[in-house]
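K.L.:
Once you've had a glance at the structure underneath, I'll fire off some questions.
Where a number appears in this text, it was derived from the coordinates with a stated rule and is not lab data. For clarity, every value in this text was computed on a predicted model and none was experimentally measured. When we count neighbours, we look across all protein chains shown, and the Cβ atoms used for this are built from the backbone with ideal geometry, even at glycine.
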Amino acid sequence: MSRCPCEADLPPVIRSVGFVCTGNICRSAMAEAILKDLLPDNAELRVLSFGTLARPGNPATDGTVITARETGLDLSSHRATPLSADAVKSLDLILTMESHHRFDVLNIAPEADGPDVDGKIFNLGCFAPDDPSAFREIEDPYGGSLHDYRRCFMDIRECMGSLVDFLEPRLLRKPD
């Protein structure tokens, strides 16, 4: 069931967030880098990214690297990581780029299926400031122009402000 998170959906403390797309060489890689960049320095949050069909070790696409570099982020050393059942179990919050990724996650970790897992998977589009929706998807720029990558990056970036606000009261902090 696709829906957006509410206060009661998530634990009071979130220690890990995973972004999921198909190949982990464009969208989820961008989302991981953007969130890491926006988090307060003292936040104790593991931020990871995965692909449902990722080929282990694949580098981020040229369009992803170039677009990230234009905003001061370095994805040149990013390598794709396939989503595993262990990763699904270990994450407190899983954010997908498209609705079908939710079902992919549940298929990858069928033994983890249930209210605990299903209740922590949401579309990143739930955090879009202009039109938050469980059905709002982040379009895949793979194979597209640099303009497509930039538009994708901006879509993800726009969602991150609301996501950081949502996470803020649930973050552990390192002592100063």
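K.L.:
Please compute the modelled spin-label separation between ASP118 and ASP130, points set 7 Å along Cα→Cβ, answer in nm with one decimal.
P.N.:
3.3 nm
K.L.:
How big is D for region 97-176, in µm² s⁻¹ as a whole number, if Stokes-Einstein is applied with the Kirkwood radius of its Cα pairs at 4 °C and 1.567 mPa s? Walk me through the intermediate numbers first.
P.N.:
Details: Rh = 14.4 Å.
Calculated translational D: 90 µm²/s.
K.L.:
Once you've got the GNM for the chain with C-alpha springs shorter than 10 Å, pick whichever of SER76, SER49, SER145 has the biggest mean-square fluctuation.
P.N.:
Sorting by GNM fluctuation, first place goes to SER145.
K.L.:
Would you mind computing, in nm to one decimal, how far apart the modelled labels at ARG151 and LEU172 are, each placed 7 Å from Cα along Cα→Cβ?
P.N.:
The answer from the label model is 4.1 nm.
K.L.:
Further question: Restricting to bridges with both residues inside the chain, how much of the DSSP beta-bridge set is antiparallel, in percent to the nearest 5?
P.N.:
On the way: 3 of 17 bridges.
The answer is about 20 percent antiparallel.
K.L.:
Count the net charge of all other residues whose Cβ sits under 14 Å from the Cβ of ARG3, scoring Lys and Arg as +1 and Asp and Glu as -1.
P.N.:
Here the charged neighbours net out to 0.
K.L.:
Among MET154, MET30, what is the fewest-to-most ranking by other Cβ atoms within 10 Å?
P.N.:
MET154, MET30
K.L.:
Turning to a different aspect of this structure: Want the number for ASP9 to ASP41: 0.36 nm per residue separation, take away the alpha-carbon distance, what's left?
P.N.:
Extra length available between ASP9 and ASP41 comes to 8.9 nm.
K.L.:
If you check each cysteine of the chain for another cysteine whose beta-carbon is under 4.7 Å away, which ones come up empty?
P.N.:
CYS6, CYS21, CYS26, CYS152, CYS159
K.L.:
When N counts the residues of region 61-141, how does its alpha-carbon radius of gyration compare numerically with 2.2 N^0.38 Å, as a ratio?
P.N.:
1.25
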